[in-house]
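Notes follow once the structure below has been shown.
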Amino acid sequence: MQQWQPPRGVAGAMILGLTLASPAFAGEAKHMEDVIPSLYTEDGVPGVQLQLGGHQPHFTEGALVELNRLNEDITSTLGLLALNSTVSGYTFDMELGVPVRNTESFGPILSERAETLGQNRLNVGCQASRADFRKFEGENIDSLDVVLPHLDNPPPGIGNPPYEVDNVLVDIDLKITQEVYACYATYGILRNLDFGIAVPAVRVSMSADATAVIERNYFLSSTVHNFDPTGASGDSPNSSSSKHAFGLGDVVARLKYNFVQDHGWLPGMGALLQVKTPTGDSKNFLGTGDTRVRLLGIASRSYGIVSPHINLGWEWVSGGNREDNIRYIGGFDFRLHPKITFVTDIVGSYAYSSSAPGKSIVDGAFGVKVNPWRELIIAFNALVPLNKDTGLRPDWVPTLGVEYSFGGPE
Amino acid sequence: MHRSGRKEPRWPNRRRLARRLLPALALGSIALLCLASPASAGDVAVLMGANVGPYKEALEGFEKNLAGHEVVKTFDMDGDQEKGIEKVREIEDELKPDLIFAVGVWALQAIMQTPTHTPVVFAMVLNPPTVLGNGPANVTGASMNVPPKASLQRLRELGPQIKRVGLVYNPAKTGYLVTEARAIAGSQGIELITKEVNTPGDVVPALEALASENIDAFWILPDETVLAPAVTKHVFLYSYRNKIPVMGLSEHQARMGAVLALSAASNEDMGRQAAELANAILGGRKPSAVPYTTAREVHLTVNLKVAKKIGVTVPDDLIGSADTVIR
């Protein structure tokens, strides 16, 4: 007699929906968060129910799994480009008393540098990113295996009656893509204080196709456990569900303060305060559903054409789910040509109190900024997961952005 | 005397009323105008040579200290002389301000190329006579130059052994400064030993010629002929080999090898100085009667490491008065 098996592997962690009482029939889910729960759900009853054979056995997932972890993984994977000042024209030679054309780069793409825009300057831009998610906790999401044990009918104890030792094996092909289109603006309130706001529009598509087979561990299993291949009774081994959503994402507001710049041997230093508001519909994965406050320390300095930078800070997440995390970015940008800057970064976060998937995320970022005309900057960045075995991860996230700076003296 | 048969004409009521009201109306209008704008209001247009931090600091100091006047518009010529000249014309033709504030040498050069009668006050300009030439009557300002007296005084404070101070200069760039320094040096008990150069290539031979003149210290002037990077390296090598202390122009030069360095300490204060000059001109004084100023806040750097290497003892008083001490 087999003991009840908890769901194996990461897919077990994802198929919480099979325990949720979802009113949605398999097909178009009501919300994005219902896509997986609505698999095999019939008339509001979740789980695989094999009605042929005289009794109504059913196979359920007992554990309530953190679908929100998946939600957060989707919505937090795509970060916004840093709201940096980009085209800075001059440094100043005190000995000669003249400005000198700057060989500094256009600045990093994902991280912040200490410099601010300058009073009364305005920087506006838009960006587009796309992620095709491929892996969850190291497993391909297009082939997730779930083992659904039989419900423990009275009397208690799996194996009594003996047909309870059968399992249903489900193979799920999951597809998740997310696109973020964001526009942003940064304004220099003071010489050393910037305010910025970013408004994203998010498009998410999710589809799940599942195929189930019966793992027969009881020699008379075929007398009680059978799918109806015609599907007439609703017991098809196949089920699918999908949802597409498009709408406002989580709006982000930022303040950046530069408190040291060009002071002897010290690097430029600043601080960033960022607030992400829960304006996106979390049920459809357009937002995380929580408020996040991030405080970052920034240090950067230019050495000719090379400019290293580092950001280190902490993010508080509302909701009490112990999602608070440490954030870090380090890298450098270098100006190989007056009109072209290459950028590379290591980007990471560590949710120190969390036991959910995706506790530690580390990505590599590689990008280029081009200045084709006046203060127009075109940026391209590729974010590549470096530790793919944790959280929900795409193969890569490409981002394209344009921005322009105005203002200050005419 | 009454005229017979004719009544004295009487003012009609409306005219009487108007005559009584008119002065009141006039006074009221004047009062309204006074309320609407300050009595001593003057419009100032700003031309910045480039959008760079020190210039912005100077502009901030200027705006904060402009008493009763207003900056109506600020232009950035972005280092482009053509654009600067265009902006000056725009200022003259469209804005017609009471005063132009030129921030930086490029802005001043653009104005000098566009003749104007509008009073001009500059700031953040080094060696203004090289730009102003004979000195147009409508231009004055706050230069970045450290007063020669301050440099010579600090050199003298190194010790009584500092009697002969050498310097290399291009007369076309800093001849005026050397003339001024010569007039002051005597009172400091210092004799200036000078070598003239015309190109950066002439500097090293000039330095070597100075070595035979038994100078006690070397003074770097803010002269671009001498300040080419390859040349300043030779200056510090010369200092090291001959054990001669150097007075430099910046903390950076002190770190490179100067025992002492004096530089303008506050860009914002230079803006303030310019505002004081602007207030005087807008208050009625002629620019020609307001001489340009030098930096009144200076930053002294002392490099004790270099001093030790070349065998120079820096007095404690001098160390104590330094803003930065490199040990």
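The values are calculated or read from the model by the stated rules, or taken from the named source; none is laboratory data. Here the structure is a predicted model, which means the values were calculated and not measured. Reconstructed Cβ throughout: ideal geometry from the backbone, glycine too, with neighbour counts over all protein chains shown. Heads up: the accessible areas ignore ligands, DNA and RNA and are worked out on the full protein's heavy atoms, side chains in. Shrake-Rupley method; radii C 1.70, N 1.55, O 1.52, S 1.80 Å.
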Original post:
Can you tell me which residues in segment A:190-227 are over 28 Å from A:Asn123 (Cβ atoms) and aliphatic (A, V, I, L, M)?
Top reply: A:Val204, A:Met206, A:Ala208, A:Ala210, A:Ala212, A:Val213, A:Ile214, A:Leu220, A:Val224
Original post:
So which residues in segment A:88-123 are open to solvent by 50 Å² or more (accessible area, probe 1.4 Å) and either in contact with an Asp or Glu (Cβ under 8 Å, 6 or more places away or on another chain) or at pLDDT below 85 (or both)?
Top reply: A:Thr91, A:Met94, A:Leu96, A:Val100, A:Arg101, A:Thr103, A:Gln119, A:Asn120
Subject >> Every residue from segment A:389-410 that is surrounded by fewer than 16 Cβ atoms within 10 Å (Cβ to Cβ) and under 13 Å from the mean Cα position of the chain (by Cα) >> reply: A:Asp395
Original post:
Which of the residues belonging to segment B:88-104 are within 12 Å of another protein chain (Cβ to nearest Cβ) and modelled with pLDDT of 95 or more?
Top reply: B:Phe101, B:Val103, B:Gly104
Subject >> Residue among B:Val139, B:Val146 that alone is β-branched (Val, Ile, Thr), within 14 Å of chain A (Cβ to nearest Cβ) and touching a residue at least 60 places away in the same chain (Cβ under 8 Å) >> reply: B:Val146
Original post:
Can you pull out the strands (runs of 3 or more DSSP E) entirely within segment B:157-257 that have at least 1 residues that are more than 14 Å from every other protein chain (Cβ to nearest Cβ), in contact with a strand residue (DSSP E or B) (Cβ under 9 Å, 6 or more places away or on another chain) and within 28 Å of A:Val100 (Cβ to Cβ)?
Top reply: B:164-169, B:191-196, B:217-219
Original post:
Looking only at residues in segment B:117-132 that are free of Cβ contacts under 8 Å to residues at least 40 places away in the same chain and open to solvent by 10 Å² or more (accessible area, probe 1.4 Å), which one is farthest from the other protein chains (Cβ to nearest Cβ)?
Top reply: B:His117
**OP:** Determine whether B:Thr114 is at pLDDT below 95 and within 11 Å of chain A (Cβ to nearest Cβ).
**Re:** no
Subject >> Within segment B:258-270, considering residues that are open to solvent by less than 10 Å² (accessible area, probe 1.4 Å) and more than 16 Å from B:Pro222 (Cβ to Cβ), the one nearest to the other protein chains (Cβ to nearest Cβ) >> reply: B:Asp269
**OP:** Can you give me the number of residues within segment A:174-228 that are open to solvent by less than 40 Å² (accessible area, probe 1.4 Å), in a strand (DSSP E or B) and not hydrophobic (A, V, I, L, M, F, W, C)?
**Re:** 11
**OP:** Scan segment A:146-158 and give yes if some residue there is open to solvent by 40 Å² or more (accessible area, probe 1.4 Å), out of contact with any strand residue (DSSP E or B) (no Cβ under 6 Å at 6 or more places or on another chain) and among the polar types (S, T, N, Q), otherwise no.
**Re:** no
Subject >> Identity of the residue in segment B:185-233, of a type in the set (Gly, Ala, Ser) and surrounded by 12 or more Cβ atoms within 10 Å (Cβ to Cβ), that ends up nearest to B:Val312 (Cα to Cα) >> reply: B:Ala217
**OP:** Please indicate, with yes or no, whether at least one residue in segment B:286-302 is touching a residue at least 12 places away in the same chain (Cβ under 8 Å), in a helix (DSSP H, G or I) and charged (D, E, K, R).
**Re:** no
**OP:** Among residues belonging to segment B:68-81 that are in a loop (DSSP other than H, G, I, E, B) and either surrounded by fewer than 14 Cβ atoms within 10 Å (Cβ to Cβ) or within 13 Å of chain A (Cβ to nearest Cβ) (or both), point out the one that is modelled with the highest pLDDT.
**Re:** B:Met77
**OP:** Provide a single number: the residues in segment B:46-67 that are within 7 Å of chain A (Cβ to nearest Cβ) and assigned to a loop (DSSP other than H, G, I, E, B).
**Re:** 4
Subject >> strands (runs of 3 or more DSSP E) (entirely within segment A:94-167) containing at least 1 residues that are within 14 Å of chain B (Cβ to nearest Cβ) >> reply: A:98-101, A:121-136
Original post:
Being out of contact with any helix residue (DSSP H, G or I) (no Cβ under 9 Å at 6 or more places or on another chain), at pLDDT below 90 and part of a strand (DSSP E or B), is that true of even one residue in segment A:255-264?
Top reply: yes
Original post:
Just to be sure, is B:Pro160 closer than 27 Å to B:Ala261 by Cα, modelled with pLDDT under 95 and open to solvent by 30 Å² or more (accessible area, probe 1.4 Å)?
Top reply: yes
**OP:** Please find, within segment A:242-288, the residue that is farthest from the other protein chains (Cβ to nearest Cβ) out of those that are open to solvent by 20 Å² or more (accessible area, probe 1.4 Å) and among the hydroxyl-bearing types (Ser, Thr, Tyr).
**Re:** A:Ser242
Original post:
Conditions: (1) closer than 30 Å to A:Asp166 by Cβ; (2) within 14 Å of another protein chain (Cβ to nearest Cβ); (3) charged (D, E, K, R). A:Asp209 meets all but one. Number of the miss?
Top reply: (2)
Subject >> Subset tally (residues that are in contact (Cβ under 8 Å) with a residue 40 or more places away in the chain and surrounded by fewer than 17 Cβ atoms within 10 Å (Cβ to Cβ)) for segment A:343-373 >> reply: 1
